[in-house]
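Heads up: the structure comes next, in structure tokens.
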Amino acid sequence: ENTIPPAATAQTETLEPGAIRLWDTPDKIPPNFEGYLENSALVIKGGHCICCFKPLSRDAIFRADVRMIAEAYMAIRAAVANTPSYYGLFISPDNVELRYCNEDLVKGRVAQRQRRLCRWLLPRTYGPDEWVRFELRAIGDELTVAVNGQPLGTIHDTSRLEPGGVTLGARHSYFRNIVYVPL
């Protein structure tokens, strides 16, 4: 069992105007969520996810520090309408992929389609005890991915997703300093 040591120093972070901290206190965690807080980190296990659909904003920044034990993902503009769709940043210890994802009900079953927009190698392979800050910025048709404050690249996508919320998911990962900034 992996556990999180408490942060060695208190982290003071200046947030942008309008920034919202997500899932950093027990009262912000939905009662039916199958994860928990441990030493100020949100723990997600077993393929579960946690979602926030308000406030809705088409243009937004979503970032989190991730300590990965396995794969994780961050989604922005996640909509729950008739055909859920979102931009997902799929994170592994040595790379990240930005994908457009769409789900449809086909003959009573959910059919998920994903289109890879880009894949970037990380500057190095990160170990399971390292925290890495990932950011996904969506402004208009431009999607920018950054790691530890350094942009990896910007992609132009014309899928025209409507305003939506954000989602974190993982097979087994830890998240902290989770911030959503509607622009």
All positions within region 113-134 that are hydroxyl-bearing (Ser, Thr, Tyr) and under 16 Å from residue 64 (Cα atoms) = 126
query = How many residues are surrounded by fewer than 14 Cβ atoms within 10 Å (Cβ to Cβ) and not in a strand (DSSP E or B) if we restrict to region 107-147?
reply = 11
inquiry  = Just to check your reading of the model, which residue among 12, 3 is within 27 Å of residue 144 (Cα to Cα) and either modelled with pLDDT under 90 or among the hydrophobic types (A, V, I, L, M, F, W, C) (or both)?
reply    = 12
key: When residues of region 51-71 are limited to those that are touching a Phe, Trp or Tyr at 6+ places or on another chain (Cβ under 9 Å) and at pLDDT below 90, the one most open to solvent (accessible area, probe 1.4 Å)   = 71
key: Residue among 152, 98, 89, 168 that alone is without any contact (Cβ under 8 Å) to a residue 60 or more places away in the chain, under 21 Å from residue 41 (Cβ atoms) and buried (at least 16 other Cβ atoms within 10 Å of the Cβ)   = 89
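The values are calculated or read from the model by the stated rules, or taken from the named source; none is laboratory data. Fair warning: this is a prediction, and the values are worked out from it, not measured in the lab. Here the Cβ is made from the backbone with ideal geometry for all residues, glycine too, and neighbour counts use every protein chain on show. In case anyone asks, the SASA skips ligands and DNA or RNA and just uses the protein heavy atoms, side chains included. Shrake-Rupley method; radii C 1.70, N 1.55, O 1.52, S 1.80 Å.
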